[in-house]
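Only one structure is covered here, and it is reproduced in the block below.
The values are calculated or read from the model by the stated rules, or taken from the named source; none is laboratory data. What you see is a predicted model; the values in this text were computed from it and never measured. Here the Cβ positions follow ideal geometry from the backbone for every residue, glycine too, while neighbour counts run over all protein chains shown. Areas reflect the complete protein model, heavy atoms only, side chains present, ligands, DNA and RNA absent. Shrake-Rupley method; radii C 1.70, N 1.55, O 1.52, S 1.80 Å.
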Amino acid sequence: SGNTLYYAATVRDIAQRLQLKSDLQESEARYRGLFESAADAIVILQGATLVDCNPRALQMFGLASVDQLASRASFDFFPALQPNGKDSRAFSVEKLSAARAGAPQFFAWRHVKVDGTMFDAEVSLSTFKLGEQTFIQAIIRDITQRTQLEEALRLGELRYRSLFENAGD
C-alpha cells in the first residue's frame, strides 16, 4: 500500500545549559545566604527608595518585613541633624551622590528606629549594576555600644585629669 512514514529528529546536547543553570542557582543561593546571614544590616536602594534588606536590617530598625521598609523613605530613619551638626537630608544626598558617581563612602551616621530610638552606626555605601539599573548597597554597623564606651572613657579621663590638676600635692 505504499504508506511509508518518515520521522525526522533533532538531538541537541543540553548538558552544558543544564550545568550553567545549576551553577547559577548555586551561586544565587550562596550570595543569598551571605546576604541573609550577615551580622551587619544590608539595605539596597534604588535612588532614594529602599528596595530590599537583610533580616539584620529589619531587626536593627525594628521592622517586621521588607514591605514595611519599602513603604518608607530612607529619610524616615534619620534625625533632623547628625551629631556633626549637618542636616541629615542634605548630608545623605551628598553621600548618595558621591556613591552614585563611583566613589565608595564610609562615614559615621545616626539612625532612628521605627519606635524613635536613636542609634549610632558606621555606614558604607557602594554601587552595583543589574542590567541597566544602578543600585546602592548600604552596609550599616550599629556602633552604639562602642560610642557609649568611648564616651564613658572620655568622661573618666576628664575626671582623672580634674582630680590630678586640682590635687594639693
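Taking 1 over the mean of 1/r across every pair of different Cα atoms in the stretch 67-166, what Kirkwood radius in Å do you get?
Details: mean 1/r = 0.0634 Å⁻¹.
It is 15.8 Å.
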I need the trypsin sites (Lys or Arg not before Pro) found in the stretch 26-114, filtered to DSSP loop residues with at most 14 other beta carbons within 10 Å of theirs. ARG72, LYS86, LYS113
If unit charges are put on Cβ atoms (+1 for Lys and Arg, -1 for Asp and Glu) and the dipole of the chain is taken about its Cα centre, the option from ALA152, MET60, ASN3 lying farthest towards the positive end turns out to be ASN3
Per DSSP H run of n ≥ 4, the term is -39500 (n - 2.57); total these for the chain, divide by its residue number, and report the mean residue ellipticity at 222 nm rounded to 500 deg cm²/dmol. -13500 deg cm²/dmol
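What's the magnitude of the charge dipole for the chain around its Cα centre, counting Lys and Arg as +1 and Asp and Glu as -1 at the beta-carbon? Answer in Debye, nearest 20. If you can, show how the numbers build up before the last one.
Numbers: 19 positive and 21 negative charges, 82 e Å.
Dipole about the Cα centre, nearest 20: 400 debye.
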Tell me the accessible surface of SER92 in square angstrom (1.4 angstrom probe, heavy atoms of protein chains only), to the nearest ten. 10
Rounded to two decimals, what ratio of Rg to Rh does the chain give with C-alpha atoms and a Kirkwood Rh? 1.32
